[in-house]
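Readers should treat all values here as calculations from the given coordinates under stated rules, not as data from a laboratory. Keep in mind it's a predicted model, so treat the numbers as computed, not measured. Neighbour counts run over all protein chains shown; Cβ positions are idealised from the backbone, glycine included.
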């Protein structure tokens, strides 16, 4: 068993870990902090009002992602790796079509475009692959994330896990601001949903075509309401 003093981990694995930490960091300049994905509207409607209701809301969101966006993200990691641009483009079009409101559509386009530009600026991936990336406009966030993970040599399951955890972290941060919650309550949510992230990863990996679903009418209604909400902290 490895310990804190173990030095046997190879350099390639450490490079992958460092790349993964950068890609999953809240400091990544793609604007994730400015979106709540209808959580703010749920708070305004009284559906989320404390730490426990926030935990339930976030857990349900993880489950929704595991059977929808995350499935296509995983497939796009494989498609980018094999240079299958037809599959990448088809998944990207599907992800954009899945957005149920103008705010959710603008969110994935803005964050996806920002990540794609960052990948170009930092020259992640070879020239040919970057040229293919530049052709995808508009680009959904999972498409750009799958590209970045592939270009940085990150294992697809590690990339998927980090993406889901980043979503969890962003939702928790939104709850801290909008409910509001204390920092310790936020950490309890993150700690308590670690197993849910693991389960979401497994569900995504096992998801068959006929099981893919993004059916969440309440999310669509709340997101639409958020567009005209009187007071807002977030863009979605």
Residue check, residue 113 closer than 24 Å to residue 152 by Cα, touching a residue at least 24 places away in the same chain (Cβ under 8 Å) and not in a helix (DSSP H, G or I): no
Filter result for residue 120 (surrounded by fewer than 16 Cβ atoms within 10 Å (Cβ to Cβ), without any contact (Cβ under 8 Å) to a residue 24 or more places away in the chain and either farther than 30 Å from residue 222 by Cα or within 17 Å of the chain's Cα centre (by Cα) (or both)): yes
Failed item, numbered, when residue 46 is tested on (1) free of Cβ contacts under 8 Å to residues at least 24 places away in the same chain; (2) assigned to a loop (DSSP other than H, G, I, E, B); (3) under 19 Å from the mean Cα position of the chain (by Cα): (3)
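In contact with a helix residue (DSSP H, G or I) (Cβ under 9 Å, 6 or more places away or on another chain), under 30 Å from residue 150 (Cβ atoms) and without any contact (Cβ under 8 Å) to a residue 24 or more places away in the chain: does that describe residue 84?
So residue 84 fits the description; yes.
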Residue list for region 49-77, restricted to those being more than 17 Å from residue 203 (Cα to Cα) and assigned to a helix (DSSP H, G or I): 51, 52, 53, 54, 55, 56, 57
